[in-house]
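Read through the structure below, which is laid out as structure tokens, and then see the notes.
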Amino acid sequence: MGNQQPVIAKKLLSWWDEGHADLPWRSSSDPYRIWVSEIMAQQTQLATVIPYYERWMVRFPTVQALAEAPLDDVLKLWEGLGYYSRARNLHAAAQMVVNDFDGIMPGTAADLQKLKGIGRYTAAAIASICFEEPVAVLDGNVIRVLSRLHDLPDDVTQTATKNMLWDMAQNHVPLNRPGDYNQSLMELGQTVCSPKSPKCLLCPLRDPCLARQRGTQAERPVKPPRKKTPHYDVVAAVIWEQAVGEGRFLIAQRPLDGLLGGLWEFPGGKLESGETLAQALVREIEEELSIKVKPAAEDPFVVVKHAYTHFKITLNAVHALYDGGKIQHVGVINHAWVTATELPNYAFAVTDQKIIAAL
């Protein structure tokens, strides 16, 4: 494998130089910009990322600007991009850069990993692209390329295999142009060495690729069978202060440390076994906010189906009326009585945006 290292790097860099995707952050070696692009691109299509990235850089052009911004502003700009812990961690890490690193992004992969939300992969991407540190990246795209290149028969979800892949990846990184090399490897996985129907005839690594030689491309990388995704029925309430469709209604802010942390929502929760929507609604609102509500209708006015990473939900939105009690922040961290015209001031998850659209 060691003898292949210069060959692999040379082939990939030649392919990269012939033409690669023109992405807005690739014209920069600013570590802050590369960092933001890498965090946004995690588990998100690049086509989706680009407009978010461009808006972000207008609003938060420097790490100082991000550090000084209120978290609500950060979450509002991230609205719709998903995996909101990424935004919270970016904000917290920007404050660490300002407070602990004199406002200057760390220049090594080891120091970058001291920042909240920056793991081994992201640190290596920033360090190699911005500071020419010869450190390997390993994401899903790179795992797929290396698994096929070496025709790896081992389960890539296992820790021992992951460690072996990190070693493989590091073994291939050239001392010269490590940032371009890492980007070329990731782009190869995105565009050519795709999960299904890889374009082997177009691949710069087709000759040394063992999986192509042996016809095992479709079997690599090896992963265990997918487990069945659990499904939950959920109820959410638009709680009107006086009359349905008139005046103000209640929204609540989710705890910072949970799913969709810091976002605003129409309060509610999962149905328990045997519960009706109305029963679940009354119970959930009392548990979260310590108030009583009266469902205004038996049927939901909109039903939203949504898939998260590890589970799926069917969200039933219903109208309800406030029926007494003093609001307490038991399962939430804040609340607000708002009118429909005030909703754009708050950051909501995709499911709640669909409720807003139905309103």
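Read the figures in this text as sums done on the coordinates, not as results from a lab. What you see is a predicted model, and the numbers here were worked out from it, not measured in a lab. Here the Cβ is made from the backbone with ideal geometry for all residues, glycine too, and neighbour counts use every protein chain on show.
Here the contact order of segment 2-219, divided by its residue count and restricted to Cα pairs under 8 Å and six or more residues apart, works out to 23 percent.
Taking the helices alone, the chain has a mean residue ellipticity at 222 nm of -12500 deg cm²/dmol, built from -39,500 (n - 2.57) per DSSP H run of at least 4 residues and averaged over all its residues. The angle separating the long axis of helix 159-172 from the principal Cα axis of greatest extent in the chain is about 50 degrees.
Counted over the chain, the DSSP beta bridges are approximately 65% antiparallel.
Of the residues HIS150, GLY258, VAL58, the one whose Cα sits farthest towards the positive end of the charge dipole of the chain is HIS150 (charges of +1 on Lys and Arg Cβ, -1 on Asp and Glu Cβ, taken about the Cα centre).
Sites listed here are chymotrypsin sites (Phe, Trp or Tyr not before Pro) in segment 5-39 whose DSSP assignment is loop and whose Cβ has at most 13 other Cβ atoms within 10 Å, and the list is empty.
Dipole magnitude for the chain: computed about the Cα centre from +1 point charges on Lys and Arg Cβ and -1 point charges on Asp and Glu Cβ, it is near 1200 debye. I want the local charge near ALA358. Using Cβ-Cβ distances under 14 Å, sum +1 for each Lys or Arg and -1 for each Asp or Glu among the other residues. Result for the local shell: 0.
Separation of segment 88-121 and segment 309-332, taken as the distance between their Cα centroids, equals 36 angstrom. Loop-located GluC sites (Glu not before Pro) across segment 186-280 with a Cβ neighbour count of 16 or fewer within 10 Å are GLU241, GLU272, GLU275, with loop assigned by DSSP. Loop-resident chymotrypsin sites (Phe, Trp or Tyr not before Pro) (DSSP state other than H, G, I, E or B) in segment 277-354 with no more than 12 further Cβ atoms inside 10 Å of their Cβ: PHE311.
What does the C-alpha gyration tensor say about the overall shape of segment 231-358? Classify as rounded when a/c is under 1.5, otherwise prolate if a/b is larger than b/c, or oblate. Rounded shape, in that the Cα axes give a/c under 1.5.
What do you get for the angle between helix 46-59 and the principal long axis of the chain? Use alpha-carbon atoms, 0 to 90 degrees, nearest ten. Computed tilt is about 70 degrees.
Under a model in which nothing but the beta-carbon of Lys, Arg (+1) and Asp, Glu (-1) is charged, segment 173-227 shows a dipole of about 360 debye around its Cα centre.
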